[in-house]
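Before any comments, here is the structure.
The values are calculated or read from the model by the stated rules, or taken from the named source; none is laboratory data. Just so you know, these numbers come straight off a predicted model, no measurement behind them. Quick reminder, even Gly has a Cβ in these numbers, built from the backbone with ideal geometry, and neighbours come from all protein chains shown.
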Amino acid sequence: MLTPKYPPQDTAPPPVAVQPQPTAPAPVEQAPVAPASTRPTVQLTPGSALALAAGGGAVALVVGAVLVSLLLAVAITGVSVAVVAVVLRGMLNDMRKGR
């Protein structure tokens, strides 16, 4: 039940060796040609580069606005908690003094 099951061994016949055909040597003045890459290339035109820069700038502005808004919200919350603490301390002191 827990023993591994291996696939059957390959029963294909061994490959036949092909004898290379003799060819004439390449001329000296020809440089070897590199094989063509299969990866797609990205070509930026001036318009697409401008659009990419504008998009990056817009993203930076939006992220900056969100971060500034969060910082402002934290600051306002901190100030309001401090004001509430001062008011409560004053009310408790007045209650202790019997005013």
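Looking at the stretch 34-44, is at least one residue in contact with a Leu (Cβ under 8 Å, 6 or more places away or on another chain) and either modelled with pLDDT of 75 or more or assigned to a loop (DSSP other than H, G, I, E, B) (or both)? The answer is yes, given that some residue of the stretch 34-44 is in contact with a Leu (Cβ under 8 Å, 6 or more places away or on another chain) and either modelled with pLDDT of 75 or more or assigned to a loop (DSSP other than H, G, I, E, B) (or both). Of note, VAL84 satisfies the criterion of being more than 25 Å from the chain's Cα centre (by Cα) and either of a type in the set (A, V, I, L, M) or more than 30 Å from VAL42 (Cβ to Cβ) (or both).
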